[in-house]
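Peer 1: Okay, here's the structure, questions in a sec.
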Amino acid sequence: LREYEFNYGKDTHERIPLLKDLLLLIKDKNIILNIELKTDHFHYEGIEKKVYDLVNKVDVKNQIVYSSFYLPSLLKMREIDDKVYIGYLFEEDFDKKQKEIRKYNIKHVHPRFDMIDEKIMEEYQNNGIDVAVWTIPNDEICLKMKKLGVNMVISNEYLDD
């Protein structure tokens, strides 16, 4: 993939950065980076430890949020370092996910934004669970989520709020 140009017809050379490049870019900046471990369909042997080691080598450990739809990857990250932020991504099987959150004492959840309402937020807050919602489509939804008390919003859009 690094051999392909992603310049959208502009006279520049844009290549997909390596994770190390991205980590170096955020180093010493007020930026929190969400690294999604995409292991729910394909399992990459040892990927959690490799990513963790690279994050520590570049020395940006306090700027990283690890998230995944695949609970075993998050539990592996916790096994590697029980102080890392792990966010459990989900968009379906809400009741099943809630049982897993309780069973494994997950303290950071990342549900799809339209799964959150006042009642659910109150339950999470009462149990000391931080909430990061995704993928916020616009400023109106972003404001609504903030009013509900979510801790973080994740979006593919530039949001004013």
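Peer 1: Looking at the chain as a GNM with Cα springs under 10 Å, which of E36, E45, E14 has the largest mean-square fluctuation?
Peer 2: Per the Cα network of the chain with a 10 Å cutoff, E14 tops the list.
Peer 1: Which residues' amide hydrogens lie under 5 Å from the amide hydrogen of S155, considering only partners 5 or more residues apart or on another chain, with H built in the peptide plane?
Peer 2: I136
Peer 1: Moving on to the next point. Ignoring everything but the protein chains, give the 1.4 Å probe accessible area of D21 in square angstrom, nearest 10.
Peer 2: Spelled out: D21, probe radius 1.4 Å, area about 60 Å².
Peer 1: Pairs K61/K107; K29/K107; K76/K119; K50/K83: which exceed 20 Å Cα-Cα?
Peer 2: K29/K107; K76/K119
Peer 1: Tell me what the chain gives for mean residue ellipticity at 222 nm when only DSSP H runs of n ≥ 4 count, each as -39,500 (n - 2.57), the sum divided by the residue total, rounded to 500 deg cm²/dmol.
Peer 2: -10500 deg cm²/dmol
Peer 1: Using unit Cβ charges (K, R positive; D, E negative) and no other charged atoms, how large, in debye to the nearest 20, is the dipole of the chain about its Cα centre?
Peer 2: Computed charge dipole of the chain: roughly 620 debye.
Peer 1: Over the stretch 1-128, calculate the relative contact order: mean separation of alpha carbon pairs under 8 Å at least 6 apart, over the residue count, as a percent.
Peer 2: It rounds to 17 percent for the stretch 1-128.
Peer 1: Something else: With the full set of protein chains in place, find how many percent of the accessible area of the chain is carbon and sulfur; take the probe as 1.4 Å.
Peer 2: The C+S portion of the solvent-accessible surface of the chain is 50 percent.
Peer 1: Loop-only GluC sites (Glu not before Pro) in the stretch 76-147, please: DSSP not H, G, I, E or B, and at most 15 other Cβ atoms within 10 Å.
Peer 2: Filter output for the stretch 76-147: E91, E92.
Peer 1: I've got another one for you. Please go through the stretch 80-161 and write out the trypsin sites (Lys or Arg not before Pro) that DSSP classes as loop and that have at most 16 other C-beta atoms within 10 Å.
Peer 2: Of the trypsin sites (Lys or Arg not before Pro), the ones in loops of the stretch 80-161 whose Cβ has at most 16 other Cβ atoms within 10 Å are K83, K107.
Peer 1: If you don't mind, there's one more thing I want to ask. How far apart, in nm, are the 7 Å Cα→Cβ label points at R2 and E118?
Peer 2: Those two pseudo-labels are separated by 5.2 nm.
Peer 1: Another question, if that's okay. For I64, what residues show an amide H to amide H distance below 5 Å, using hydrogens built from the backbone and excluding near sequence neighbours?
Peer 2: So I64 has HN proximity to L33.
Peer 1: Which label marks the calculated value of log10 I(q)/I(0) by the Debye sum over Cα atoms at q = 0.10, 0.14, 0.20 Å⁻¹, given the options (1) -0.35, -0.69, -1.35; (2) -0.42, -0.82, -1.38; (3) -0.52, -0.88, -1.30?
Peer 2: Structure-derived value, by its label: (2).
Peer 1: Counting only chymotrypsin sites (Phe, Trp or Tyr not before Pro) that sit in a DSSP loop (anything but H, G, I, E, B) with at most 14 other Cβ atoms within 10 Å, what is the longest stretch of the chain containing none of them?
Peer 2: Within the chain, the longest run free of exposed chymotrypsin sites (Phe, Trp or Tyr not before Pro) spans 45-103.
The values are calculated or read from the model by the stated rules, or taken from the named source; none is laboratory data. Values in this document were obtained by computation on a predicted structure and should not be read as measured data. For neighbour counting, all protein chains shown are included, and Cβ atoms are generated from backbone atoms with ideal geometry for every residue, glycine included. In case anyone asks, the SASA skips ligands and DNA or RNA and just uses the protein heavy atoms, side chains included. Shrake-Rupley method; radii C 1.70, N 1.55, O 1.52, S 1.80 Å.
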